[in-house]
Structures are given as C-alpha cells and as structure tokens.
Amino acid sequence: MMKKVYIRTFGCQMNAHDSERVKDLLLNDGYCLSDEPEDADVLLFNTCSVRKNAEDRVFGVVNSLKRLRKKDPDVIFGIMGCMAEAHGRSIFERMGHVDFLCGPADLDKIPEIIEKIKKGQRGVVYCMDSRLRGNDKIPLFPEDRKIGKRVYVKIMEGCDNFCSYCVVPYVRGGERSRPSREILSEIKQLVDKEVKKITLLGQNVNSYGKGLKEDISFPELLRKIDITVKSNLVKSNQVRSGRLEIDFMTSHPKDASVDLFEAIAGLKSLSKQLHLPLQSGSNKILKRMNRGYTLEKYSKLVKDFRRIVKKGTITSDFIVGFPGETKKDFNDTLNTVKEIRFSGAYIFKYSSRPFTKASKFKDDVLTEEKERRHGLLLETQREISRNY
Ligand code: SAM
Ligand code: SF4
C-alpha cells in the first residue's frame, strides 16, 4: 500500500514554497498526499518563528495530534522549518512524540531522514550548523514538478540585515542568491507550462546578486526575466491567451531605488504593486529597529514610485508596541499611514523573539496598549483600503 504524508504549513510564502518542494520530493519517493492527519503515515509541520503566536499554534496543533501516536506507534512526526532551528532539541521535551527536526536549509534531506526513523532512529536533528551561514545552493525543483496557476520562484534565501526584532537571519542564515541562469531556466519552464502568475521570493529581493560571481542587480534580473517571459510566450503561442504577471516579495526600503521603479514601470510582465514594509512612522523606533532608513527617505521613495509607476500601488507592514514605542511614536505611525495612504498593510503586535537584539530591550508596552494601538491602526488602514 502507498504510504501517505500529511504536510501542514504555517507562516509566509517562503514556507509555502518550501513545503511544495518537500511534497515534490516525497511524491517522487512513492508517497501520496493525505488531507487528513488521521489517514497519514508521516505528519510534517513546516513551522514559523517570526511571532510567538505562530509558534504557540504549532505547539497546540502538534500536541493535539499526539493521540495518533497512541493509536499507531509507527506513525512519524517531523517538525520542519524555522522552529526547528530556533528551538532545537528542546522541542523533543515539549512534544515527546516528535521524531525529527529539520531546518530550512536541510529540507532536501527529508526522504533520507524518514528512512532513518523507519529504521528505528528517533530524535534525529538536521539543523543549525555552519552550512546555514554559508553558501549552500538553493535546491532546484525537478522539471516535472507539480504546479498550479500561481507559482513561487525563490531567487534568494536568508538575510544579512539583522533588524533588531527579527529572528529570520538566525533561522534561515545569511543571504545567498541563485545564479540568474538557473532562475531564467526555471521561469522558461513555467512559461511553457502556461502559469499565469509567478512570485519571485526572497527575504530582501532588492539586495539580489550579493555574493554571486556574476555582476547583476535585482532590476537587471527583472529585465532579463521580462525578456525570457516575452520570448517564451511568443514561442509557445500564448501571447493572446492572457497575460503572465510577475510580482516579488519582499523589498527592503533601504535597498529600493529609482532603477527598480523604472523597471516596474517599463516591464510589461511586472505587477505594478509594490510591497515595501515601513514598520514604523517614528525615526526613533526605526533606528532602534535597525532598519537603515528614515521616514524622510521612505517618503521620498513613495514619491518617486508614484511619479514613475503610473497607477502603481504600495502596501506595507507595521509593528506596533515595539520596546520603547511611546504614544507619540505610535501617533507618528498613525499619521504616516494617513498621509501615505497605502492600498493595504499588515499590522503586527510586537513579540519578543529569541536571539534578537530587541529581546534584550524591555518589552515595556503593555499587552492591552499593544492591542489598542493594533486595533486603531488596523481600523485606520481598513478605511483607507476601502477607498482604493
Ligand atoms: N523581509 C521582510 C522585510 O524586511 O520587510 C519581512 C519578513 S518578516 C517574515 C514579515 C513581517 O513580520 C515583518 O515585515 C514584520 O512586520 C513582522 N515581524 C517580524 N518580526 C516580528 C516580531 N518580532 N514581532 C512582530 N512582528 C514581526
Ligand atoms: Fe527580518 Fe529585517 Fe531580514 Fe526582513 S530584512 S527578514 S525584517 S531581518
């Protein structure tokens, strides 16, 4: 009988993409997918550590499924992704039925790990070593990968920015970019498969190219992608059957440029929507967050974007209740949101994360006050979004 695997993904698009990769590997290894944990022989959880409530949900869900181990002692539980890196072996103490941990850089080894568990090993750990900080290759999808109409293409991995609140550089390691020829060949395959939307993924796509042998910037990569899309749409006779749209996330304001905006404006395949997370409207807080830009620099970027990209829209992320955020700092954020008028924004309550610089700051905004600020900013933004 075919073995069944259940995969549940928490967190961002990067995790969704990583889970696709693991699914593909396991399908090629003879597994089939199960929609229900109760039917599966292997249960995998691709986890997120960006905020504490995301982690709490994982602990809640995985613990609630412990009963399946009691029913069938051979059922395998694996924790993949950022929580494996962030918490390491302590996960086995909190969830004794978990058999293995696998960090984001080792996901290609999942079939191998499952074989080890089947042979009787428990408590297998594949994470947190020097490879994460190094230049390991970003794995390639096989040509026969199963895809939908919207597909993610990873162009880079990891982050060197160390925003003071963020766990990503510690769990996903340092920045590494994929060579452009690999990306272009993946895009060509996807155009041939008639996908309608491709999202280029990276923690900070604007610093694409760092560390590569070739000298290439992100806007240059976008231009090459546009040429590849155009010529392959023509070759495969799809020009009239509808447009293929490319977008990307996430852009860091410190590395965004007029060159990028000109590429967005000028390239037909590119979406005119830009996600450019501001995080706070207070320069004091931006500095404490180690974001590397001021509100004035950000406002100038918005002005340039709107001048260059006609009908372009901008969305953002905000964190409220960051350590040291006073009512005045929060009001600066509120006023900035009203002034800039983003078409949409994700608003998060600050949560202290392990390893980060901000985890050493006093988390001094009370929970009720974080909730009040969150509600107020959310309502203000919703009203603006409704008018878009
Ligand atoms: N690389 C992207 C960037 O620089 O904008 C964002 C990546 S992060 C996974 C997505 C969003 O989560 C961030 O933009 C930030 O607003 C939020 N975030 C990250 N760490 C957080 C924390 N400790 N507490 C609350 N929100 C957080
Ligand atoms: Fe985290 Fe900052 Fe890197 Fe984004 S740029 S992943 S917020 S450290």
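Rounded to two decimals, the Cα-based Rg/Rh of segment 289-388, with Kirkwood Rh, is 1.00. Amide H contacts of E245 (H built 1.01 Å from N, in plane; Pro and chain starts excluded): K197, I198 sit under 5 Å, all sequence-distant by 5 or more or on other chains. Magnitude of the charge dipole for segment 226-314, about its Cα centre and with charges confined to Cβ atoms of Lys, Arg (+1) and Asp, Glu (-1), is about 260 debye. Scanning the chain for cysteines with no neighbouring cysteine C-beta under 4.7 angstrom from their C-beta gives C12, C32, C48, C82, C102, C127, C159.
Rounded to whole Å, the principal axis extents of the Cα atoms in the chain read 61, 59, 40, largest first.
Take the chain, mark every one of the GluC sites (Glu not before Pro) that falls in a DSSP loop and has at most 13 other Cβ within 10 Å, then report the longest stretch left between them, sites excluded.
Details: sites that count: E143, E214.
It works out to 215-388.
In sequence order, segment 29-36 has phi-based couplings of 8, x, 7, 10, 8, 10, 7, 10 Hz under the Karplus curve 6.51 cos²θ - 1.76 cosθ + 1.60, θ = phi - 60°, and Gly or Pro positions carry x. In order along segment 177-191, the Karplus-derived 3J(HN,Hα) couplings, from 6.51 cos²θ - 1.76 cosθ + 1.60 at θ = phi - 60°, round to 9, 7, x, 4, 5, 5, 5, 5, 6, 5, 5, 4, 4, 5, 4 Hz, and Gly and Pro are given as x. Each label point was placed 7 Å from the Cα along the Cα-to-Cβ direction; for V258 and N63 their separation is 5.6 nm. Among the listed pairs K284/K327; K154/K230; K230/K303; K154/K287; K254/K300, a Cα-Cα separation exceeding 18 Å is found for K154/K230; K230/K303; K154/K287. Amide H contacts for M156 (H built 1.01 Å from N in the peptide plane; partners 5 or more residues away or on another chain; cut-off under 5 Å): R178, L201. Segment 166-199 and segment 258-320 have their alpha-carbon centroids 22 Å apart. When a/c reaches 1.5 or more, the comparison of a/b and b/c decides; with that in mind, is segment 1-90 rounded, prolate or oblate per its Cα gyration tensor? In terms of gyration-tensor shape, oblate.
Size descriptors for segment 182-315, from the alpha-carbon set: Rg then Dmax equal 16.2, 54 Å. Using the Karplus relation 6.51 cos²θ - 1.76 cosθ + 1.60 with θ = phi - 60°, the per-residue 3J(HN,Hα) values for segment 87-95 come to 10, x, 4, 4, 4, 5, 6, 7, 9 Hz, with x marking Gly and Pro.
Considering helices alone, the calculated mean residue ellipticity of the chain at 222 nm is -12000 deg cm²/dmol, with DSSP H runs of length four and up weighted by -39500 (n - 2.57) and normalised per residue.
Expressed as a rounded percentage, what relative contact order does segment 256-358 have, with Cα pairs under 8 Å and six or more residues apart? Working shown, then result.
Details: 127 pairs, mean separation 33.3, N = 103.
Normalised by residue count, the contact order of segment 256-358 is 32 percent.
Between amide H atoms placed 1.01 Å from N, distances below 5 Å from Y346 occur with S316, D317, F318, all of them 5 or more places distant or on a separate chain.
With K and R counted +1 and D and E -1, the other residues having a Cβ less than 12 Å from that of S351 yield a net charge of +2. Under the classification rounded if a/c is under 1.5, otherwise prolate if a/b is larger than b/c and oblate if not, where does segment 79-123 fall, given a ≥ b ≥ c as square roots of the Cα gyration tensor eigenvalues? Taking the square roots of the gyration eigenvalues as a ≥ b ≥ c, segment 79-123 is oblate. Comparing G148, G158, G123 in a Gaussian network model of the chain, where Cα atoms under 10 Å apart are tied by springs, the biggest mean-square fluctuation is seen for G148. In plain terms, the chain from K71 to R372 could stretch by 103.9 nm, reckoned as 0.36 nm per residue minus the Cα-Cα distance. I'd like the trypsin sites (Lys or Arg not before Pro) in segment 327-388 restricted to DSSP loop residues with at most 16 other Cβ atoms within 10 Å, sorted by number. For trypsin sites (Lys or Arg not before Pro) across segment 327-388 that sit outside H, G, I, E and B with at most 16 neighbouring Cβ atoms in 10 Å, the list reads R341, K362.
The rule of thumb for compact globular proteins, 2.2 N^0.38 Å, goes into the C-alpha radius of gyration of segment 228-289 1.58 times.
By definition, a body whose alpha carbon gyration tensor gives a ≥ b ≥ c is prolate when a/c is 1.5 or more and a/b is larger than b/c, and segment 244-327 fits this prolate description.
No lab work stands behind these numbers, since they all come straight from the coordinates. Quantities reported herein were computed from a predicted structural model and do not represent experimental measurements. Every residue, glycine among them, receives a Cβ derived from its backbone with ideal geometry; neighbour counts consider all protein chains shown.
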